[in-house]
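Every number here is computed from the coordinates shown, using simple stated rules; none is lab data. Being a predicted model, the structure only gives us computed values, none of them experimental. Here the Cβ is made from the backbone with ideal geometry for all residues, glycine too, and neighbour counts use every protein chain on show.
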């Protein structure tokens, strides 16, 4: 059946000598894999750029729920992240977020609110000209709420430790050992309670930023046991360290 949908590119992998499998998060069908033929040929290879992480595409697809990979009839660009891919720091974030989303978005069932969050985040990031060093931290903090494990807010200064297992802030280190130190916990509390605009004003050194990122990913690993190791993490840390 021919269907229309909008999709956010997560990643692509080589499939044949001339083809790719592109994974997209679509508004109507959730995370979906598409077989795209001819993308690696010299004459049509220029279109391969459309399948870089965080490109947003409008698609006419031949959709069949029982099929592992769907087929694309027509592609048009809904949103091109020009600024993201002209900036090595931003493109590192794009690759990182594409890899995270590929891993966490396991279900094929659609979630329009989550799709809208990711799309609006991509557009915001593209249009940010400065103060975006904390964006990936804010994105992960916001993503947790759509994945069902947003933590409770920090309610008092005595709650100095972020309990990763139970998703709340507590006054004493939990005995299970999965918690953030007081400094990182205070930073995390700010991210969980802030908008993208507000996180620009959270001053972090490169070392602090990377420590908070590690703690956020630990939090994701605890609540999403199937989350795979993020290969682009080391590059991202080096870029923003």
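Could you quote the convex hull projected area for the chain, Cα atoms only and averaged over all directions, in nm²?
Working: hull surface 54.1 nm².
Mean orientational projected area (the chain, Cα hull): 13.5 nm².
So for the chain, averaging the separation of alpha carbon pairs under 8 Å that are six or more residues apart and normalising by length, what relative contact order in percent results?
Working: 396 pairs, mean separation 39.8, N = 241.
Answer for the chain is 17 percent.
Going by how many other beta carbons lie within 10 Å of each one, how would you line up 25, 63, fewest first? Could you put the intermediate results ahead of the total?
Numbers: 25 24, 63 18.
Placing the least packed residue first, the sequence is 63, 25.
Can you put 220, 162, 149 in order of Cβ neighbours within 10 angstrom, beginning with the fewest? Could the numbers behind the result be given before it?
Working: 220 20, 162 27, 149 15.
Least to most surrounded, the residues fall as 149, 220, 162.
Please give the FRET efficiency for residue 1 paired with residue 123, using the beta carbon to beta carbon distance and R0 = 35 Å, rounded to the nearest 0.05.
Details: r = 30 Å, r/R0 = 0.85.
For residue 1 and residue 123, the calculated efficiency is 0.70.
Measuring from centroid to centroid over Cα atoms, what is the spacing of segment 116-181 and segment 70-89 in Å?
28 Å
Report, in deg cm²/dmol and to the nearest 500, the calculated mean residue ellipticity at 222 nm for the chain, where each DSSP H run with n ≥ 4 adds -39500 (n - 2.57) and the sum is divided by the residue count.
On the way: 8 runs with 90 residues, N = 241.
Rounded to the nearest 500, the figure is -11500 deg cm²/dmol.
Mind checking Rg over Rh on segment 98-241, alpha carbons, Kirkwood formula for Rh?
Numbers: Rg = 14.9 Å, Rh = 15.8 Å.
Rg divided by Rh gives 0.94.
Send over the semi-axes of segment 46-95's equivalent ellipsoid, whole angstrom and largest first, taken as the square roots of 5 times the C-alpha gyration tensor eigenvalues. Show your work: numbers first, answer last.
Values: eigenvalues 137, 30, 13 Å².
Gyration-tensor ellipsoid for segment 46-95: 26, 12, 8 Å.
If I fit a long axis through the Cα atoms of helix 135-146 and take the longest principal axis of the Cα atoms of the chain, what angle between them do I get, 0 to 90°, rounded to 10?
90 degrees
Rounding to the nearest 10 and keeping the result within 0 to 90°, find how far the Cα-based axis of helix 206-223 lies from the longest principal axis of the chain.
In the chain, helix 206-223 runs at an angle near 80 degrees to the longest axis.
Please order 67, 209, 23, 229 by the number of other Cβ within 10 Å, starting at the fewest.
Details: 67 12, 209 20, 23 23, 229 9.
Arranged by neighbour count, lowest to highest, 67, 209, 23, 229 become 229, 67, 209, 23.
For the chain, what proportion of DSSP beta bridges, expressed in % and rounded to the nearest 5, is antiparallel? Spell out each step's value before the answer.
Working: 33 of 35 bridges.
Antiparallel: roughly 95 percent of the beta bridges in the chain.
Relative to the first principal axis of the alpha-carbon coordinates of the chain, what is the inclination of helix 182-192, with its axis defined by its Cα atoms, in degrees from 0 to 90 and to the nearest 10?
Once rounded, one gets 50 degrees.
With a bin width of 5 angstrom, please list the P(r) values of segment 2-42 as percents of all Cα-Cα pairs, from the 0 bin to the one holding the largest distance.
Percent of pairs per bin, in order: 6, 25, 26, 21, 15, 7, 1.
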